[in-house]
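The values are calculated or read from the model by the stated rules, or taken from the named source; none is laboratory data. Remember, predicted model here, so these are calculated numbers, not experimental data. Please note: Cβ atoms are built from the backbone with ideal geometry, for glycine as well, and neighbour counts cover all protein chains shown.
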Amino acid sequence: MATTTENLSSSIENNSDEDDEGGRAAFAAQKKHKMSPHSAGTVDRPSSIRRSSLLLSPEWDMERKSLRHLGDLDDDDQIRIAYFPNIPTIQDVATNEGDDDAPAVDVSAARRSLFKTKTHATVTSDDEWSTASVTSDSLSDFDDDDDHTVTGIWQNVPEAPPDAILGIAAAYKACEHPQKVNICVGAYRDDNGNPYVLPTVRKAEYRLLEQNEVKEYLPIEGDRDFVYCAMKFAYGREMDIENHVAAVQSLSGTGACMLGGQFLAQFWGSDHPIYVPNPTWGNHIKIFKQCGLKVRKYRYYDRSKNALDFEGMLKDIKRAKDGSIILLHACAHNPTGCDPTMEQWKEIVSLISSKSHIAFFDSAYQGFATGNSEKDAQAFRYAVSQHVPILLAQSFAKNFGLYGERVGTLSIVCGDVVQKERIMSELRSIIRPLYSSPPRHGSSIVKTILMDPALKEEYYQECAKMAIRIKKMRKKLEEALQVAGSIHDWSHITKQIGMFAYTGMDEAMCKQLTEEFSIFLTTNGRISMVGLNNSNLTYVANAIHTVTAGKTITA
Amino acid sequence: MILPSISRSVLRQHSKAAARYATNIHASRTMSTSSSPWSQFEMAPTDPIVGLNEIYNKDDFPSKVIVGVGAYRDDLGKPYVLPCVREAEQILMDKNLDMEYTGIAGEPKFVDLALKFVYGEDSVPIQENRVHGVQALSGTGGLRVFGELMAKHGHKHIYVPNPTWGNHIPIFTNSGLEVRKYRYYDAESSDLDFTNMMKDIKDIPKGSLILMHACAHNPTGMDPTMEQWKEMSETIKKQGLVPFFDCAYQGFASGDPVKDASSVRMFVEDGHLISMVQSFSKNFGLYGQRIGALSVVGADEDEAKRVVSQMKMVIRPMYSNPPRQGARIVTTILEDPRLTQDFLDQCRGMADRINLMRTLLQDKLAEAGSTKNWDHITKQIGMFAYSGLNKDQVMEMREKHHVYCTADGRISMAGVTSGNVDYIANAIHDVSK
């Protein structure tokens, strides 16, 4: 089945790190819940979190009372309304310089005039964008001179910067070179370069159709059976889900990170920063900023060695103030593909525990990384076993190939069932004013597969098949580079894991690959292994050799 | 069943490895209650509408009835999947489509069809290509994106009718907008409070957002007449307000989607640059698919596209891109004339049944001996009847008769059937006499 062009650009658009820059927004100021320190520890833990009638002013309170007759709110209810704090601009992010997620398209100075005229924006770097913030002066301030009755409403709205990755997708589409290669794509491709719908997924869909599945609303927290299966899949058969895991269905990984971020900003306090690895999936930063969290980075990848900067990572996690949130990629780190070893995970978890940090795991590749879904869950399962409080964002986009159906979960491991119920209630109150309840098609598919032993077995094999093909491509690429005559150490390609390889090529090399060889990738040297296949491997290897010969692939 | 491409030995290795890596996490080894960072949490209140289901489910009275959530039921009280939807699903299965990500704004084809459905293909701004939008997570999702967008762009308040759908308030407040209301319904007379509504609208400051229900006002079911809409349009124009429509029942209210879109189309014709959120939950019966659209009419094409680009900025860090299945179903139907006609017939069928139930309920109330004026039940339109019952009466109805509706006395007519209408009428009469 050929990839339709619309799908191509979509899949690239959505896996972009380097895309349209957000990070600046004007939200209403949060009334902070000032939390008294927990008596038992050094950490500023919330002792009593009451979502109050932080509701603004006396007028609002009267308003609220008169709104009571809406009847949707009983006298016992309080309107639980959350405000989000001012989102810091990118300048507030401590170690944002040298962000590897550089955009592919050149920066244009015309960007600045964005807010004054109606010109189209071109992509800019993080820094430029941060200085050109949207102020209320530029928008929607209705002077008496404006005809804002009908024509003036939107006229000052600037164009948002276009997605850099989409630019690459468009360029690939437009390219007529017969050997063009797309190694930017963030969705699995088979050996013919086609999207792959897992056979068990098709079977599940067929079954749902045969069963005349209804289309009713799911509960706010999602399909309970699906969530239960997903939790067993993540935490293992032995985990006591009922009593210790508060879990909700989410809109895939993005939605889960967003829910987790909202939850932490409201209940852990936005004065606790979230630390993300450097580099990380570009959307992480935007998601958490939009939730109102301070985003900082910890060292992660060492470009001089094309390997994990383990010492730097530990140092930064240690330096973070107690009770910070540490974002960890459960496996198959995106974009580097570089994961800690199990021994290293143990040290990381131990450190997190000693600092009373919260570990927020993003698990987007369980089963897809090594081919073994138990193994790919080891990091966060270990953290759970060590009583580290964790949040887990789970995506079924890659491992079940359900990208566009937006299936995932957010779970929070807690001490007992009472806590669980409370957390569930808070999560519901976050979800309801966001989208009411999640979409049911994808979760029904996953549930159908995981609840049927035969389908489940088949599924494990199909997922392993994808992982195995990727591993093969890694090995073949390394070999092909050697055959092409490259004398660089490319072992990181086979050491890395998951969908992406962080080659170490710099921006100039990447550009040359595109311009001379019509090989399309992001300028940070990240290549998507799924874009490689037996037909294009040699071509790509030769091209990479050509652009890297005589140069260095370490920073 | 073993796939030929994976040898048995590889599989054996994998299952051995799996066993090796299985971690036993027993309950006794998870964190203790007090060491958890969540130990001091309090319970958030249950959503009153959705929470009703939970209370209802716990009741084991055999004749219990729920007329709470706005989801259509057939005359046997069963959920109803439109036959055209089933057919569309079958067509999609046969096409063997992939599951790739869609764009942040969703499928362009879907958005195009959705907008034409509500604005009308012959609408001038549509012809001039200055109406653009995004696929949204049904009504709620569209409202939230809109709220976030407007808060981001300098708006501080939004004016909503009193009463309005309960979820409007937390949606907009969480977006960062302060929710203010204008008078809408007069509970005394069970009628639109038009005079006071116009007074309040005239007091709304210039440039403010004003939300209106396109048709089938939720919860009251009272809509302005076309003359009244006209007056609202003129006043809103004079006041320089920013009109925003919540359109959740197009086709489902009167049975005619064109008629149900008249208010919106009038505003557009009058030159307003409206924005709108559409839901396909009720009219297409696609509740759980979360399918809707958020759109804006721009002064020109470029302007509308710019606003859409800003919508995408809100969406990307929220959920990246929307789910496909619902959009594909709607597209399959609306791009095919015969399926579209089927849809129109089936949607009308739902509206007709509801209107029949309204008449029946009013008759049964009279039969039960009620001397109260229940005209509003047949005057109102859409899924809900704003009965006029107060909270105490509602609670008594729950406890004594096991009839469940929301505390504001809002009855979901979709839940009324020829089988339970007598029972409901008697219950209402009993608590209100």
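When you go through (1) at pLDDT 95 or above; (2) surrounded by 24 or more Cβ atoms within 10 Å (Cβ to Cβ) one by one for A:W268, which number turns out not to apply?
That leaves (1) as the condition not met.
Is there a residue being touching a residue at least 40 places away in the same chain (Cβ under 8 Å), part of a loop (DSSP other than H, G, I, E, B) and either over 16 Å from A:V276 (Cβ atoms) or charged (D, E, K, R) (or both) anywhere in the range A:354-365? Reasoning before the result, please.
Our first condition is that a residue be touching a residue at least 40 places away in the same chain (Cβ under 8 Å); within the range A:354-365, this holds for A:356-358, A:360, A:362-365.
Filter again for part of a loop (DSSP other than H, G, I, E, B), leaving A:356-357, A:364-365.
Now drop any that are not either over 16 Å from A:V276 (Cβ atoms) or charged (D, E, K, R) (or both), which leaves A:356, A:365.
Yes: the range A:354-365 contains one or more residues that are touching a residue at least 40 places away in the same chain (Cβ under 8 Å), part of a loop (DSSP other than H, G, I, E, B) and either over 16 Å from A:V276 (Cβ atoms) or charged (D, E, K, R) (or both).
Among the residues of the range A:331-379, write down those that are closer than 27 Å to A:M466 by Cα, facing chain B (nearest Cβ under 10 Å) and of a type in the set (A, V, I, L, M, F, W, C).
Listed by number, the residues that qualify are A:M342, A:A377.
Is there a residue in the range B:76-92 that is at pLDDT below 75 and facing chain A (nearest Cβ under 7 Å)? Talk me through it step by step, then tell me what you get.
First, the residues of the range B:76-92 that are at pLDDT below 75: none.
For the range B:76-92, residues at pLDDT below 75 and facing chain A (nearest Cβ under 7 Å): absent.
Kindly state which helices (runs of 4 or more DSSP H) lie completely within the range B:350-433 and contain at least 2 residues that are closer than 24 Å to B:Y56 by Cα.
Numbers: elements: B:375-379, B:391-401, B:421-432.
Passing ranges, in order: B:391-401, B:421-432.
So A:T523 fits all but one of (1) in contact with a helix residue (DSSP H, G or I) (Cβ under 6 Å, 6 or more places away or on another chain); (2) part of a loop (DSSP other than H, G, I, E, B); (3) modelled with pLDDT of 95 or more; what number is the exception?
That leaves (3) as the condition not met.
Looking only at the range B:384-413, how many residues end up being under 17 Å from B:P163 (Cβ atoms) and of a type in the set (D, E, K, R)?
3
Considering every residue within the range B:197-207, establish whether at least one is away from every other protein chain (no Cβ under 11 Å) and not in a helix (DSSP H, G or I). Don't jump to the end; show me each part of the working.
So in the range B:197-207, the residues away from every other protein chain (no Cβ under 11 Å) come out as B:197-204.
Keeping just the survivors that are not in a helix (DSSP H, G or I) gives B:204.
Looking through the range B:197-207, at least one residue is away from every other protein chain (no Cβ under 11 Å) and not in a helix (DSSP H, G or I).
So A:V248 passes all but one of these: (1) assigned to a helix (DSSP H, G or I); (2) more than 7 Å from chain B (Cβ to nearest Cβ); (3) of a type in the set (V, I, T). Which condition number does it fail?
Here A:V248 meets the rest and fails (1).
Any residue at all in the range B:323-341 that is part of a loop (DSSP other than H, G, I, E, B) and crowded, with 21+ Cβ neighbours inside 10 Å? Reasoning before the result, please.
First, the residues of the range B:323-341 that are part of a loop (DSSP other than H, G, I, E, B): B:323-324, B:335-336.
Now narrow it down to the ones that are crowded, with 21+ Cβ neighbours inside 10 Å: B:323-324.
Among the residues of the range B:323-341, at least one is part of a loop (DSSP other than H, G, I, E, B) and crowded, with 21+ Cβ neighbours inside 10 Å, which makes the answer yes.
Collect the residues in the range B:146-168 that are more than 7 Å from every other protein chain (Cβ to nearest Cβ) and of a type in the set (A, V, I, L, M), keeping them in residue-number order. Show your work before the answer.
Step one: of the range B:146-168, the residues more than 7 Å from every other protein chain (Cβ to nearest Cβ) are B:146-150, B:156-162, B:164-165, B:168.
B:L149, B:M150, B:I158, B:V160 - these are the residues of the range B:146-168 that are more than 7 Å from every other protein chain (Cβ to nearest Cβ) and of a type in the set (A, V, I, L, M).
Quick one: count up the residues across the range A:414-427 that are surrounded by 24 or more Cβ atoms within 10 Å (Cβ to Cβ), at the interface with chain B (Cβ under 7 Å from one of its Cβ atoms) and in contact with a strand residue (DSSP E or B) (Cβ under 8 Å, 6 or more places away or on another chain).
2
Could you pull out the residue among B:V242, B:V268, B:V277 that is within 25 Å of B:G70 (Cα to Cα) and not charged (D, E, K, R)? Break it down stepwise before answering.
On the way: B:V242 fails: within 25 Å of B:G70 (Cα to Cα); B:V268 fails: within 25 Å of B:G70 (Cα to Cα).
Only one candidate passes the filter, namely B:V277.
Looking at the structure I just gave you, is A:T522 hydroxyl-bearing (S, T, Y) and in contact with a strand residue (DSSP E or B) (Cβ under 6 Å, 6 or more places away or on another chain)? Before you say what the answer is, go through the steps one by one.
Values: hydroxyl-bearing (S, T, Y): yes; in contact with a strand residue (DSSP E or B) (Cβ under 6 Å, 6 or more places away or on another chain): no.
When the stated conditions are applied, A:T522 does not pass them.
Considering only the range A:428-441, I want to know if a residue exists there that is surrounded by 24 or more Cβ atoms within 10 Å (Cβ to Cβ) and in a strand (DSSP E or B).
no
Does B:S138 satisfy the condition of being crowded, with 24+ Cβ neighbours inside 10 Å, at pLDDT 95 or above and in contact with a strand residue (DSSP E or B) (Cβ under 7 Å, 6 or more places away or on another chain)? Quick ask: steps written out before the conclusion?
Details: crowded, with 24+ Cβ neighbours inside 10 Å: yes; at pLDDT 95 or above: yes; in contact with a strand residue (DSSP E or B) (Cβ under 7 Å, 6 or more places away or on another chain): yes.
Judged against the criteria, B:S138 is a match.
Find all pairs meeting these conditions: Cβ atoms under 6 angstrom apart; at least six residues apart or on different chains; first residue within the range A:201-228 and at positive phi; second residue surrounded by 20 or more Cβ atoms within 10 Å (Cβ to Cβ) and in a loop (DSSP other than H, G, I, E, B).
So the pair list comes out as A:G222/A:P438.
Can you pull out every residue in the range B:101-115 that is surrounded by fewer than 24 Cβ atoms within 10 Å (Cβ to Cβ) and over 17 Å from B:G142 (Cα atoms)?
B:K109, the sole residue that qualifies.
Test of understanding: among B:S262, B:S281, which residue is more than 21 Å from B:M226 (Cα to Cα) and of a type in the set (S, T, N, Q)?
Details: B:S262 fails: more than 21 Å from B:M226 (Cα to Cα).
None of the other options fit; the residue is B:S281.
Within the bounds of the range B:114-126, is there any residue that is under 27 Å from A:S252 (Cβ atoms) and among the small types (G, A, S)?
Taking the range B:114-126 first, the residues under 27 Å from A:S252 (Cβ atoms) are B:114-115.
Pick out the ones that are also among the small types (G, A, S) and you get B:114.
Yes: the range B:114-126 contains one or more residues that are under 27 Å from A:S252 (Cβ atoms) and among the small types (G, A, S).
Restricting to the range A:458-486, and then to whatever is under 19 Å from A:A307 (Cβ atoms) and not basic (K, R), can you tell me which residue is surrounded by the most Cβ atoms within 10 Å (Cβ to Cβ)?
Our first condition is that a residue be under 19 Å from A:A307 (Cβ atoms); within the range A:458-486, this holds for A:471, A:474-475, A:477-478, A:481, A:486.
Cutting the leftovers down to not basic (K, R) gives us A:477-478, A:481, A:486.
Details: A:L477: 23, A:E478: 20, A:L481: 21, A:S486: 19.
Of everything passing the filter in the range A:458-486, A:L477 is surrounded by the most Cβ atoms within 10 Å (Cβ to Cβ).
Just give me the residues in the range A:263-283 being farther than 22 Å from A:V418 by Cβ and at the interface with chain B (Cβ under 9 Å from one of its Cβ atoms), in sequence order.
Of the residues in the range A:263-283, the ones farther than 22 Å from A:V418 by Cβ are A:265, A:270-283.
If the condition is that a residue be farther than 22 Å from A:V418 by Cβ and at the interface with chain B (Cβ under 9 Å from one of its Cβ atoms), then A:N283 is the only one that fits.
For the range B:93-112, what are the residues that are more than 18 Å from B:S309 (Cα to Cα), within 9 Å of chain A (Cβ to nearest Cβ) and assigned to a helix (DSSP H, G or I)?
Correct list: B:M93 only.
Write out, first by first residue and then by second, each pair whose Cβ atoms fall under 7 Å of each other, whose residues are 6+ apart or on separate chains, and whose first residue, in the range A:424-442, is in contact (Cβ under 8 Å) with a residue 24 or more places away in the chain and of a type in the set (A, V, I, L, M, F, W, C) while the second is in a helix (DSSP H, G or I) and surrounded by fewer than 24 Cβ atoms within 10 Å (Cβ to Cβ).
Partner pairs satisfying both residue conditions: A:L427/A:F263; A:I430/A:F263.
In the range A:361-391, how many are more than 12 Å from the chain's Cα centre (by Cα) and either among the charged types (D, E, K, R) or within 28 Å of A:D322 (Cα to Cα) (or both)? Talk me through it step by step, then tell me what you get.
Our first condition is that a residue be more than 12 Å from the chain's Cα centre (by Cα); within the range A:361-391, this holds for A:366-391.
Then keep just the ones that are either among the charged types (D, E, K, R) or within 28 Å of A:D322 (Cα to Cα) (or both); that gives A:374-391.
Residues meeting the conditions: 18.
Which one of these is touching a residue at least 40 places away in the same chain (Cβ under 8 Å) and more than 10 Å from every other protein chain (Cβ to nearest Cβ): A:L392, A:L402? Full working, then the answer.
Working: A:L402 fails: more than 10 Å from every other protein chain (Cβ to nearest Cβ).
A:L392 is the lone residue from the list that is touching a residue at least 40 places away in the same chain (Cβ under 8 Å) and more than 10 Å from every other protein chain (Cβ to nearest Cβ).
Looking only at the range B:254-273, which residues are in a loop (DSSP other than H, G, I, E, B) and over 19 Å from the mean Cα position of the chain (by Cα)? Full working, then the answer.
Of the residues in the range B:254-273, the ones in a loop (DSSP other than H, G, I, E, B) are B:254-256, B:261, B:270-273.
Answer for the range B:254-273, where residues must be in a loop (DSSP other than H, G, I, E, B) and over 19 Å from the mean Cα position of the chain (by Cα): B:D270, B:G271, B:H272, B:L273.
Taking the criterion of being surrounded by 16 or more Cβ atoms within 10 Å (Cβ to Cβ), within 23 Å of the chain's Cα centre (by Cα), modelled with pLDDT under 95 and in a loop (DSSP other than H, G, I, E, B), would at least one residue in the range A:190-204 satisfy it?
The answer is no, given that none of the residues of the range A:190-204 is surrounded by 16 or more Cβ atoms within 10 Å (Cβ to Cβ), within 23 Å of the chain's Cα centre (by Cα), modelled with pLDDT under 95 and in a loop (DSSP other than H, G, I, E, B).
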